[in-house]
Amino acid sequence: MKIGLAFDLKPTVGNDGQSESDESEEFDPPETIDALASEIMSQGHQVVYLGGGREFLENVLRADVDFVFNIAEGRGNYRGREAQTPSVLEMLGVPYSGSDPLTLSICLDKPSAKLVAMSAGVNTPKFKVIDNSDDLLDFPGAALEFPLVVKPAFEGSSKGVNRHSRVETVEELHRVVRSVLQTYRQPALLEEFVAGIEVTAGIVGNAPPQVVGLMEIVPRRGPDENFMYTLEVKREWREEVRYRCPPELPSQCVDEIQSAALRLFKALGCRDAARLDFRVDRNHKVWFIEANPLPGLSDYSDLPIMASLCGWTYPNLVNTILAAGLKRCGLQRGTYANRATV
């Protein structure tokens with residue numbers, strides 16, 4: 001089968017290959033693209049690099065692929081950007097891996113994802129959306145209690161979540177909100193901070209979806225209920241954190257996280273693979289933070305690390321996601337015949 005690989009490539013900046021800016025934080029390095037291509041080819045498929053953005057448009061129109069393995073994050077700062085590639089593929093009638101445009105947009109729009117969680121009966125911290133600086137004139141109100149976490153409403157990969165994001169005073173709140181509004185040109189999400197531990201859940205497959213595992217993010221400096229998995233921490237994860245799989249939590253709490261993750265996977269409309277982030281407070285109450293229906297597949301990404309700790313190999317993880325997408329689309333070794341003409 002001829003499989004296209006849709007991706008956004010991370011630019012190399014500086015001697016360490018890392019930029020001070022988080023603009024391309026969600027994009028992937030060449031090593032990840034090559035690793036994915038290698039695993040797909042190991043299953044007997046031909047791989048075509050489609051890239052992202054305009055390059056993707058040009059390549060997909062001439063490549064005549066049977067299926068696309070999609071890890072493209074999209075371009076821009078709006079909540080529908082992760083839907084760019086799937087939307088084009090749906091217009092062309094080309095099947096692809098992962099969630100559809102609506103699910104990708106809802107999950108990237110953190111306030112919307114939290115509303116879905118609430119409707120599904122899953123706890124999520126109280127929140128407020130700030131569209132502009134004038135909205136701060138009505139704050140603080142009775143709705144939220146400090147400390148708060150301030151983050152961009154439509155970002156992933158911890159973009160805009162840093163050591164300044166947890167605020168305890170009105171002055172700090174105003175400063176960080178203005179920074180988010182100016183830097184990311186989108187609304188700011190304010191949510192009550194949940195003191196406790198951070199746990200992420202990985203899910204693959206569709207009918208039924210399977211929990212790969214639960215992974216606790218543990219700060220190396222020692223227990224700290226105020227610890228946050230910020231961008232700075234993720235960039236220096238080897239020095240800053242260690243990962244515990246399964247988490248050191250009561251079995252009832254573990255069961256609750258797994259149940260909430262599966263419920264949200266379905267409620268949000270996720271397909272093939274996703275990662276869902278939670279906080280667990282000191283009373284072992286579980287709180288949904290956000291969902292990632294386009295989880296990173298680099299060797300330093302949370303889902304592959306979690307899978308490895310749970311006994312999965314990297315080839316097993318990639319091929320399970322690929323197989324789930326192919327099966328969902330009715331493709332095994334044949335080709336897709338319902339192609340649209342543009």
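On a 0 to 90 degree scale, rounded to 10, what angle separates helix 251-267 from the longest Cα axis of the chain? Between the helix axis and the principal axis of the chain, the angle is about 60 degrees. The orientation-averaged shadow of the Cα convex hull for the chain, equal to a quarter of the hull surface, comes to 17.6 nm².
Against the main long axis of the alpha-carbon atoms of the chain, helix 30-41 sits at an angle near 50°.
Output the peptides 206-212, 49-55 sorted from most to least packed, where packing is the average of other Cβ atoms within 10 Å over each peptide's residues. Write out the running numbers ahead of the final one.
Values: 206-212: 15.3, 49-55: 17.0.
Top to bottom by mean Cβ count within 10 Å: 49-55, 206-212.
What does the charge count around SER87 come to, taking other residues whose C-beta lies under 11 Å from its C-beta (Lys +1, Arg +1, Asp -1, Glu -1)? With Lys, Arg at +1 and Asp, Glu at -1, the neighbours total -2.
For LEU92 and ALA63 in one chain, what is 0.36 nm times their gap in residues minus the Cα-Cα distance, to one decimal in nm?
Details: separation 29, 0.36 × 29 = 10.44 nm, distance 1.21 nm.
Length gained between LEU92 and ALA63: 9.2 nm.
Legend: calculated FRET efficiency, GLN46 to ARG235, from the Cβ-Cβ distance at R0 = 30 Å, rounded to 0.05, equals 0.30.
A straight Cα-to-Cα reach below 30 Å connects LYS151 with the lysines LYS10, LYS110, LYS114, LYS126, LYS128, LYS159, LYS234, LYS266, LYS285, residues fewer than 8 places away in its own chain not being considered. For segment 195-262, the set of GluC sites (Glu not before Pro) satisfying both a DSSP loop assignment and a count of at most 13 other C-beta atoms within 10 Å is given as GLU225, GLU236, GLU248.
From the Cα gyration tensor of segment 206-314, with a ≥ b ≥ c the square roots of its eigenvalues, which class applies: rounded if a/c is under 1.5, or else prolate if a/b is larger than b/c, or else oblate? Walk me through the intermediate numbers first.
On the way: a/c = 1.65, a/b = 1.20, b/c = 1.37.
Since a/c reaches 1.5 but b/c is at least a/b, the shape of segment 206-314 is classed as oblate.
Comparing ALA273, ALA72, ALA195 in a Gaussian network model of the chain (Cα springs below 10 Å), the most mobile by mean-square fluctuation is ALA195. Given the options ARG62, ARG271, ARG282, state which has the largest fluctuation in a GNM of the chain using a 10 Å cut-off (strictly under) for Cα springs. Per the Cα network of the chain with a 10 Å cutoff, ARG62 tops the list.
Can you give me the relative contact order of segment 100-157 as a percent, contacts being Cα pairs under 8 Å and 6 or more apart? Provide the component values of the computation, followed by the final result.
Details: 25 pairs, mean separation 25.2, N = 58.
In percent, rounded to a whole number, it is 43.
The simple spin-label model puts a point 7 Å past each Cα toward its Cβ; for HIS164 and GLU225 those points are separated by 2.8 nm. So what is the diffusion coefficient of segment 126-192 in µm² per second by Stokes-Einstein at 10 °C and 1.306 mPa s, using a Kirkwood Rh over Cα pairs? In µm²/s, the coefficient rounds to 137.
Estimate the FRET efficiency between ALA323 and ARG75 by the formula 1/(1 + (r/R0)^6), using the beta-carbon distance for r and 25 Å for R0, to the nearest 0.05. Can you show the working numbers first?
Numbers: r = 29 Å, r/R0 = 1.17.
According to the calculation, E is roughly 0.30.
Straight-line cross-link partners of LYS2 among the lysines, defined as a Cα under 17 Å from its Cα and at least 8 positions apart when in the same chain: LYS327. Report note on the peptides 160-173, 74-87: ranked by the mean count of other C-beta atoms within 10 Å, highest first, their order is 74-87, 160-173.
The local environment of ASN123, defined by Cβ-Cβ distances under 11 Å, has a net charge of +2 under the rule Lys, Arg +1 and Asp, Glu -1.
Length gained on full extension, ALA120 to ARG185, computed as 0.36 nm times the residue gap minus the Cα-Cα distance: 20.4 nm. Rounded to whole Å, give me the distance from the Cα center of segment 134-196 to that of segment 223-284. So the two Cα centres are separated by 21 Å.
Residues of segment 216-234 falling in the label zone of ASN283, defined by backbone nitrogen less than 19 Å from a point 7 Å along Cα to beta-carbon, are 225-226.
If you count the DSSP beta bridges with both ends in the chain, what percent of them are antiparallel, to the nearest 5?
Working: 37 of 48 bridges.
Taking every DSSP beta bridge within the chain, about 75 percent pair in antiparallel fashion.
Values in this text are rule-based calculations from the coordinates and carry no lab data. Remember, it's a predicted structure, so these values are computed and weren't measured experimentally. Positions of Cβ are generated from backbone atoms using ideal geometry, with glycine treated the same way; all protein chains shown enter the neighbour counts.
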